[in-house]
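Heads up, the thing below is written out as structure tokens.
We did not get these values from a lab; they are worked out from the coordinates using the rules stated. Remember, predicted model here, so these are calculated numbers, not experimental data. Virtual Cβ from ideal backbone geometry, glycine too; neighbours counted across all protein chains shown.
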Amino acid sequence: MLWCYCVEHRHLPDRGLRPRISTFGKGIIMLAAKNNYNASIEEKSKLYPYFDIKLDSFCVQDADYRGDADATAEQQLQARTFTVEEKRYILQTMDLVRFTLNSPEFYDRLTNLSHTLNLTRTGSGELGSNYYGQAADLDRIMDMIKIGHYGLIIRKMADSSGAIARGDLGPFIYHDPIKIYNPDRRTRIHFPNHVKQTSRHQVNLGSTILHESMHNFGFTHDNTVPNSIPYGVQPVFEAVARQIYNGELRAQEYEAFKGYHEEKYSEWLLADTLALTARIASPDAQYDSHEYFESMGMIE
Ligand SMILES: [Zn+2]
């Protein structure tokens, strides 16, 4: 697994948080979007087929608050709970990630970069082999994003390193990109307890999810080779996703697509997901957080 310390770019301009659509324009969009709100999950899947990652579950694991021995009861509770609010925000962010990766603007920007993105693992397969530091074929990267399909677990866990997130490192299948389609595979993205997802800008969180997904895809980074795949795709994503988020690009389509992951994974929004103990026994179990901690005598 790879911890990533500097994935998030915290210097997004404030304008990202302000509506950029005129009242008149907004009305048009809402009308148009309303006509598409009835689009089914299946229809949306067909319209935006790339990066069809299946969310297997949310879980909290190893949730003891080791990062701070003086953690308050409230902090400990927060560390043990993946709240509905946090889960909903991640699902909404997944909308932005999938929609952005399906846009022709993302494809154009990625495949027309003026610099190379470089591989930091060696490997070989059906399509040949590569040497350490070799420039990647960006069309092949895009192909992997298109056909990527596997089960993903979003996990919240204890960490005191200050890392933003980490992703399980997948097999290096760059030379057999079709292998990225593997419904039987399970991989994970981990968020430290102290990261409050709902306080982060959605473009940044989406960018982090994409970075960690590139680890799931089998790509790494190190301090020697510049412009790795995980870091290199982030500014491309952010440039397009920010325009989409701000309503400057494909606003009507995006409004119509929103809600895809919330509807698809609505069962995860019925209750908070809790760690039962510091060393969790059943990471995927869902319990009502207040009742559980009340029963344990941890809250009034
Ligand atoms: Zn990383």
For a label point 7 angstrom out from the Cα of Asn223 toward its Cβ, which stretches of the stretch 90-120 have the backbone nitrogen within less than 18 Å? 120
Going by how many other beta carbons lie within 10 Å of each one, how would you line up Asp222, Asp95, Asp137, fewest first? Asp222, Asp137, Asp95
Taking the number of other C-beta atoms within 10 Å as the exposure measure, put Ser45, Ser114, Ser57 in order starting with the fewest. Ser114, Ser45, Ser57
Env charge @ Gly218, Cβ radius under 13 Å, K,R +1 / D,E -1, value +1
Rounded to the nearest Å, the spacing of the alpha-carbon centers of the stretch 110-126 and the stretch 187-263 is 19
What's the exposure ranking of Leu55, Leu96, Leu127, Leu138, going from fewest to most Cβ atoms within 10 Å? Leu127, Leu55, Leu138, Leu96
Could you tally up the Lys pairs in the stretch 77-213 with alpha carbons closer than 15 Å? Skip any pair fewer than 8 positions apart unless they're on separate chains. 4
